[in-house]
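Comments concern the structure below.
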Amino acid sequence: DGISAAIKLAQIATDLASEGKTLLDLLDEIWARHGFHATEQISIRLIELSQVGTIMGHLRNNPPAQIAGHRVTSIEDLSTPTDDLPSTDGLRIWLDGTIRIIIRPSGTEAKMKCYIEVIEKNSASAQIVLDHLRAPLKELLS
């Protein structure tokens, strides 16, 4: 578990050091190859639990065409999944191919949850995209 992971990471760091590289150099290579993935969670507290159904129904019946200037390219209703995941009350929204948003109600509270993942060339670019998405998503879920 944690100890095994720490030992493996130490082995990787040792191998990299013999090549004159660091773990940060390896991360830079991974980001250059696959993009920098940044995530953020937004939680919106609601007054009543009944608002959850209203918000989810509105999103399903009137899906957004764009969010913060990014075109919605696909929406998957997670209550009828097309993959091997179990069904859940939620939506997976893709924007412009590099932004994934999952919207779902909390399982225990009158709250909506929004999980955002952006893939950009670096951390700074990813943070800019997250910053621009935050307010429009809060408005969408209120």
Here's a check for you: in the range 81-115, which residue that is polar (S, T, N, Q) and without any contact (Cβ under 8 Å) to a residue 12 or more places away in the chain is surrounded by the fewest Cβ atoms within 10 Å (Cβ to Cβ)? T108
Kindly evaluate S123 against the criterion of being over 19 Å from H58 (Cα atoms) and either of a type in the set (G, A, S) or not assigned by TED's automatic domain parsing to the domain that holds A68 (or both). yes
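Considering only residues that are charged (D, E, K, R) and more than 17 Å from G53 (Cα to Cα), look in the range 86-101 and name the one that is modelled with the highest pLDDT. Write out each step before concluding.
Of the range 86-101, the ones charged (D, E, K, R) are 89, 92, 96, 100.
From the residues that got through so far, the ones that are more than 17 Å from G53 (Cα to Cα) too are 96, 100.
Values: D96: 91, R100: 97.
By that ranking, first place goes to R100.
Among residues belonging to the range 69-85 that are among the β-branched types (V, I, T) and not in a strand (DSSP E or B), point out the one that is modelled with the highest pLDDT.
Within the range 69-85, the first condition is being among the β-branched types (V, I, T), and the residues that meet it are 72-73, 75, 80, 82.
Checking which are not in a strand (DSSP E or B) leaves us with 80, 82.
Working: T80: 90, T82: 81.
By that ranking, first place goes to T80.
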So for the range 32-46 (the condition being over 15 Å from the mean Cα position of the chain (by Cα), among the aromatic types (F, W, Y), over 16 Å from L140 (Cβ atoms) and surrounded by 17 or more Cβ atoms within 10 Å (Cβ to Cβ)), does at least one residue qualify? no
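The values are calculated or read from the model by the stated rules, or taken from the named source; none is laboratory data. Nothing here was measured: the structure is a model prediction, and the numbers come from that model. Every residue, glycine as well, gets a Cβ built from its backbone with ideal geometry; the counts of neighbours run over all protein chains shown.
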